[in-house]
Ligand SMILES: NC(=O)c1ccc[n+]([C@@H]2O[C@H](COP(=O)([O-])OP(=O)(O)OC[C@H]3O[C@@H](n4cnc5c(N)ncnc54)[C@H](OP(=O)(O)O)[C@@H]3O)[C@@H](O)[C@H]2O)c1
């Protein structure tokens, strides 16, 4: 049987999706974006990856977040997305917001990682080919490179935008001082930084404590949270052990050593609050990130459509009482003590 032609849900913008403005820019981003770090590589079934991408777009999740080396193998998540572009999304390119990045290791030798102009320029050209795109909406410097003059990395971002290969520039995981320099440098060249991408979730408060959230707001830059579920830890996935098909079972990016008895009891207690709110733990964890209006959006990962369905429900209630927030903080701080 021939695959039916994809036709998106006509009510995709009335599905409950909401949009927030990214800093002082013209760009509205959906409160939830789909990240392709895991489960979109050439080791994963294409049909499942396509189903998740379709579900996202059908619900107004128009932002897809990639990087050159997402897979495995490196590059293959972009290739998968390229297939989805070609087969499903091509007629809807102008409804989509597609981001990619370069900064981590991608190919052998000195020009295949970090922040040189040579690496960033070559990497984006490769990404565009893999994704069947003429341009990306957003291109990130994926990490701060302490050994490359920051001006070189940032000027590459400026030139990429000026060449029309990306519409906006962003930075990820930059320490506050480097972020400050980047915001000023980019603004002075009329390519203001659109957004900062950083790890933020109930268990990891670094963007609050190191000032990244306040700094972004002051500078008119958006903030997008990656791993808002702490790679799945902040979901129901590990309340009763480690499922064989989970990220933790792979023992690569999420190690089972983090699931100590203390962590388990933290998750059980957090799950109790979620249940009182009528949410799953995953829904509450996403809602918790979105309770803060310094956060433009969260990027979730998923291994199946049912998880995205659950994650999407988070948008139904993103407000917390002061008591709930205090209780969550107490649980997290007491676990760290
Ligand atoms: N800038 C950076 O350096 C950086 C770093 C990391 C990530 N990111 C971006 O952020 C995106 C998200 O990162 P992440 O995948 O770590 O995010 P995450 O949302 O914290 O974790 C996603 C994982 O949680 C589990 N999950 C999701 N929803 C669930 C639900 N409703 N119930 C139960 N389990 C659920 C799934 O795990 P299973 O696979 O076990 O089912 C899924 O793969 C990435 O794809 C990437 O775009 C960027």
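What follows is calculated from the coordinates using simple rules that are stated; it is not laboratory data. Please read all numbers here as calculations on a predicted model, not as lab measurements.
Computed quantities for the displayed model
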{"item": "At 1.306 mPa s and 10 °C, Stokes diffusion of the stretch 253-293 via Kirkwood alpha-carbon radius, µm² per second", "result": "141 µm²/s"}
{"item": "Evaluated at q = 0.11, 0.12 Å⁻¹: base-10 log I(q)/I(0), Debye formula over Cα of the stretch 61-205", "result": "-0.39, -0.46"}
{"item": "Stretch gain in nm, segment residue 252-residue 177, where the contour uses 0.36 nm per residue and the Cα spacing is subtracted", "result": "23.9 nm"}
{"item": "Rounded to whole Å, sorted largest first: equivalent-ellipsoid semi-axes of the stretch 50-147, Cα gyration tensor", "result": "25, 13, 11"}
{"item": "Dimensionless Rg ratio for the stretch 269-331, taking C-alpha atoms and the 2.2 N^0.38 Å reference", "result": "1.09"}
{"item": "Percent RCO, i.e. relative contact order, over the chain, from Cα pairs under 8 Å lying at least 6 residues apart", "result": "17 percent"}
{"item": "Compactness of the chain - radius of gyration and Dmax, Cα, Å", "result": "19.4, 59"}
{"item": "Computed helical MRE - 222 nm, the chain, DSSP H runs ≥ 4 contributing -39500 (n - 2.57), nearest 500", "result": "-11500 deg cm²/dmol"}
{"item": "Gaussian network model of the chain, springs between alpha carbon atoms under 10 Å - residue of 169, 285, 90 with greatest fluctuation", "result": "90"}
